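Report on the structure given below.
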Amino acid sequence: MSLGMVGLKDLLKDVTFAMLGYDMIADPDKVRISWPKGGQPDWNIDDDICFLRISAADDPYNRQRDVSYSDNILNLTRTDQYTRVLQVYYIFYGPNSFDRAADVRYKILLPEWKYKLAQGDVFPVPDIPEPIRAPELFQGQWWERSDLIIRFNQFISQQTTVPFIESADITIKQEDGKEEVIHVPVP
């Protein structure tokens, strides 16, 4: 079964925590999926923080479908398999933001992290652009910020049960207006 968006967020958050060497228990807010509800930073200018924004990317590759059918006595099972293309934005704040972004760019392609992601059928696309340093002005102070964008392919498999036709009624109309209905069971 393919990971849904919640499972995908959890997987990417866990891998990011581990790649950056953060302790999820001691520093649970170092890697975040959501922004503060108050609309302003709830961390200090010198804190290293990473936000993940995960979205599906429009890509010709995710429009290709492999459809197959398998049958049993009463039903067909339709299996649709395809690749969902994801775009993950890593938004780093703090004095080490650029170095943290560069670490993720490098480490995401190491076997241990590729293996961990593969457990959720998620695979990084290796053509990863350089991080972009983009300091952000907030209340008269420049906050260090660096952004990294990584694309991932996620294998998706979905199944649907398609019932067989069990019987059919055939209506025969004759020229004189008479009708005859024949019930035909399907073997």
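Just one of the numbered conditions (1) closer than 14 Å to Q154 by Cα; (2) surrounded by 13 or more Cβ atoms within 10 Å (Cβ to Cβ) is not true of T77: (1).
When E130, E166, E112, E144 are checked against the criterion of being in contact with a Phe, Trp or Tyr (Cβ under 8 Å, 6 or more places away or on another chain) and acidic (D, E), a single residue qualifies: E144. Considering each residue of the range 73-89 in turn, at least one proves to be in a loop (DSSP other than H, G, I, E, B) and either more than 17 Å from the chain's Cα centre (by Cα) or at pLDDT 90 or above (or both). Across the range 18-58, the qualifying residues are those that are out of contact with any helix residue (DSSP H, G or I) (no Cβ under 9 Å at 6 or more places or on another chain) and among the hydroxyl-bearing types (S, T, Y), and the one among them that is modelled with the highest pLDDT is S55. Does the range 157-166 contain at least one residue that is of a type outside the set (D, E) and more than 35 Å from the chain's Cα centre (by Cα)? Yes, the conditions are met somewhere in the range 157-166. Selection of the range 30-61 for residues being of a type in the set (F, W, Y) and assigned to a strand (DSSP E or B) yields only F51.
The residues of the range 126-158 that are in contact with a Lys or Arg (Cβ under 7 Å, 6 or more places away or on another chain) and assigned to a strand (DSSP E or B), listed by number, are E136, S146, L148, Q154, I156. Listed conditions (1) under 23 Å from V6 (Cα atoms); (2) assigned to a helix (DSSP H, G or I) are all met by F123, apart from (2).
Screening the range 1-52 for residues that are of a type in the set (K, R) and surrounded by 13 or more Cβ atoms within 10 Å (Cβ to Cβ) and picking the one that is nearest to R105 (Cα to Cα) gives K13. Scan the range 165-187 for residues that are in contact with a strand residue (DSSP E or B) (Cβ under 9 Å, 6 or more places away or on another chain) and more than 30 Å from L76 (Cβ to Cβ) and the total you get is 5.
Among the residues of the range 98-122, those that are closer than 17 Å to L52 by Cβ and of a type in the set (A, V, I, L, M) comprise A101, A102, V104, I108, L117, V122. Of note, L148 satisfies the criterion of being in contact (Cβ under 8 Å) with a residue 12 or more places away in the chain, among the hydrophobic types (A, V, I, L, M, F, W, C), buried (at least 17 other Cβ atoms within 10 Å of the Cβ) and more than 20 Å from S2 (Cα to Cα). Picking from V125, V181, which residue would you name as being loosely packed, with under 12 Cβ neighbours inside 10 Å, out of contact with any Leu (no Cβ under 7 Å at 6 or more places or on another chain) and of a type in the set (A, V, I, L, M, F, W, C)? After ruling out the rest, the residue left standing is V181.
The values are calculated or read from the model by the stated rules, or taken from the named source; none is laboratory data. This structure is a prediction, so every number in the text was calculated from the model and none was measured. Note that we place each Cβ from the backbone using ideal geometry, even for glycine, and neighbour counts take in every protein chain shown.
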